[in-house]
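S.K.: Below you'll find the structure I mean.
What follows draws every value from the coordinates through simple rules; no lab data is involved. Here the structure is a predicted model, which means the values were calculated and not measured. Every residue, glycine among them, receives a Cβ derived from its backbone with ideal geometry; neighbour counts consider all protein chains shown.
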Amino acid sequence: MRGANDVSASPDGDPWLLTPGPLTTSPTVKAAMLHDLGSRDRRFVAVNGGVRERLLAIIGGGEDFVCVPLQGSGTFVVEAMLGTLVPRDGRLLILVNGAYGHRMARIMRVVGRAAEVMEWPEDQPVDPAAVAERLAASPAVTHVAVVQCETTSGVRNPVEAIAEVVAAAGRRLLIDAMSAFGALPLDAATTRFDAVVASSNKCLEGVPGMGFCLVRRAVLEAAAGNAHALTLDLHDQWQAMEANGQWRFTPPTHVILAFSRALDEFDAEGGQPGRGRRYRENCRILIDGMRRLGFETLLPDAHQAPIIVTFKMPASPRFDFQRFYDRLSEQGYVIYPGKLTVAPSFRIGCIGRLGAEQMRGALAAIECTLAEMGVTDCAA
Ligand SMILES: *Cc1c(COP(=O)(O)O)cnc(C)c1O
């Protein structure tokens, strides 16, 4: 409910989503969905093929990689990647520093494939040197999985350096780049990995509903029959799509139309460098403004990805998070509770169709809410 004096600046009257997803999308991306196309429709098949090619181009995948889209939220394609690409007699080392790393470990238990976990605190990046040591001592490990930006805290993991030690040890790397893809660089020509997954929402600013895996062609070819589930079999999905350009099962046509439009807007912004620049600027405005109000970030700036920022919960007894959250939401800004196990916290995202104006608007709403609650000290 909005109060009489509250305003939302969104053109649709919707709140701005300063969250890890779903995220704010542009009016033009939403408008692109106002068509009902059949799954065999030539226009749809062409749009789908274009989306697949453009996603490959973002990592410079060339002929060595293929793009396999999949229905569902991001976790579906993470599960599909692990189930399709880790062989039944393989063993996965999962580099964990947050909830999404733990989720991969849970997927491996459910899928019934061997895995082991190497864990760091949630406020620290994965250490490539430690991974190199672990691999030297673990000959049974065939694959390594890592999250590029651990959305739990917002920490950026050094995937390029991790890829180097994994390749040097002769193992294969699988990347969950869900919250980083399109905003942080990832170049298949200079970083050695077998597969990366991301989704239509998050930094590419489409609507939620599908994920995709960019995978080495030779690796996927060798994965026939390996998947644990028909619906999550990336090899089968790929083969069917190569055969006639169509999806195996009902495609999320509206999501794909919106995604195609979102990729136009991504290109118009200058691709990954342009998108990354806007998010870095959002992140800078947010962190500077929050520190000015007395809040403390969980991470030092050196480890912070420009995706989502974790703030420590103020210790002041006047600070009531539920009220803080509700009042910001009434003013048109949705933030997100923390997911940390180490400390009480909350998160504010910098991604989606948001710019400097929205970040400043959120800061003004936060300042006003603190005054309402009578909070003068935001130290943790
Ligand atoms: C958002 C996200 C996912 C996928 O989450 P869904 O809720 O299934 O879309 C996976 N990994 C990371 C790092 C994410 O940020």
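S.K.: Using amide H atoms built 1.01 Å from N in the peptide plane, name the residues 5+ places from R353, or on other chains, whose amide H lies under 5 Å from its own.
M.R.: Hits under the 5 Å cutoff: T24, T25.
S.K.: How big is the range 171-273 on each of its three principal axes, counting only the C-alpha atoms and giving the largest first in Å?
M.R.: Its Cα atoms span 40, 36, 20 Å along the three principal axes.
S.K.: At 0.36 nm per residue, minus the direct Cα-Cα distance, what do D288 and H102 gain on full extension? Give it in nm, one decimal, please.
M.R.: 63.8 nm
S.K.: From the phi angles alone, apply the Karplus equation (6.51, -1.76, 1.60; θ = phi - 60°) to the range 221-226 and give each ³J(HN,Hα) in whole Hz, x where the residue is Gly or Pro.
M.R.: Working through the residues one at a time gives 4, 7, 9, 4, x, 7 Hz.
S.K.: Explain nothing, just the number: dipole magnitude of the chain about its Cα centre with +1 on each Lys and Arg Cβ and -1 on each Asp and Glu Cβ, in debye rounded to the nearest 20.
M.R.: 320
S.K.: Where does the range 29-268 land on Rg/Rh, using Cα atoms and the Kirkwood Rh? Spell out each step's value before the answer.
M.R.: On the way: Rg = 17.2 Å, Rh = 17.9 Å.
When Rh is taken as the Kirkwood radius, the ratio is 0.96.
S.K.: Next up: Would you mind counting up the charge near A129? Only other residues with Cβ under 15 Å from its Cβ, with Lys and Arg at +1 and Asp and Glu at -1.
M.R.: Charge balance in the 15 Å sphere: -3.
S.K.: For V309, which sequence-distant residues (separation of 5 or more, or a different chain) have an amide H within less than 5 Å of its own amide H, given hydrogens modelled in the peptide plane?
M.R.: I348, G349, C350
S.K.: With just the Cα atoms defining each centre, how far is the range 164-226 from the range 303-380? Give it in Å.
M.R.: Comparing the Cα centres of the range 164-226 and the range 303-380, I get a distance of 31 Å.
S.K.: In addition: How much length would be gained if the chain were fully extended between A129 and R88, taking 0.36 nm per residue of separation minus their Cα-Cα distance, in nm to one decimal?
M.R.: 12.0 nm
S.K.: Can you return the lysines within cross-link range of K339? Criterion is Cα-Cα under 21 Å, with same-chain partners fewer than 8 residues away left out.
M.R.: K202, K312
S.K.: Just subtract the alpha-carbon distance of F249 and A302 from 0.36 nm times their residue separation and send over the number in nm, one decimal.
M.R.: So the extension gain works out to 14.7 nm.
S.K.: Beta carbons within 10 angstrom, averaged per residue: use that to sort the peptides 230-238, 346-354, 310-318, highest first.
M.R.: The most tightly packed comes first, giving 346-354, 230-238, 310-318.
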